[in-house]
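The values are calculated or read from the model by the stated rules, or taken from the named source; none is laboratory data. No experiment lies behind these values; they were computed from the predicted model shown. Positions of Cβ are backbone-derived with ideal geometry, glycine not excepted, and every protein chain shown enters the neighbour counts. Protein only, heavy atoms only, side chains kept; ligands, DNA and RNA dropped before computing areas. Shrake-Rupley method; radii C 1.70, N 1.55, O 1.52, S 1.80 Å.
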Amino acid sequence: MHLAEYLPQLLLAWSIQAMGILSPGPSVALILGVATSRGRLPSVVTAFGVACGSIVLSVATVAGVTAVLAQVAQLMTVLRILGAAYLAWLAWKAFRNAASTPKLVIGRVGRESVWRTGLAGFVLQISNPKAIMFWLAIASVGGVGDAPLPVVALFVAVAFVNSFLGHGGYALLLSSAPVRSAYMRARRWIEAGLGCFFLFASFKLATTRL
């Protein structure tokens, strides 16, 4: 088997993934909150966690797990509840920040907080309804489940790189000085908007079947 035989499927799958990255959702909202409140390094770590979540979703797509999960109501219900609960918690944090005294502290991130920061991005990505829907779309157009291991490895690796570059780009942009300055001027409104977005996403995830 040659890579050329699977290249059209790979390019289509990566294109669908790119469309998902370019259309901001809960993961980008999380990166926005981290970037504007904690700085560049934590936001990049969050993007790395999101990219690691993309590894899980891409492997699940290759294995057909995403398609299977879509047919198993009980498992999907558990995923929806967990994802909705996490989004609701993010909404509470955003509303709390909106009500607090404006303060922007950019500092070094310790080992434990780095782990927690990356884990937050990872958990949100694997329970992100928007991301799951895009990976279901990838699965529906064929995928590379029957491809040799090197092709599958390439598919997963590029999916990770795409996610990290895309979300990392958001992290670098949103943590830039002009954006942070704009954030400080409109901090309460931005945090309140993030809270409303996360709350709405939590409600939609809890009440909508994937």
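Sort through Ile16, Ile81, Ile31 and tell me the only one that's modelled with pLDDT of 85 or more and in a helix (DSSP H, G or I).
Selected residue: Ile31, the only one of Ile16, Ile81, Ile31 that is modelled with pLDDT of 85 or more and in a helix (DSSP H, G or I).
Sort through Val161, Val156 and tell me the only one that's out of contact with any Pro (no Cβ under 9 Å at 6 or more places or on another chain), open to solvent by 30 Å² or more (accessible area, probe 1.4 Å) and at pLDDT 75 or above.
None of the others qualify; the one that does is Val161.
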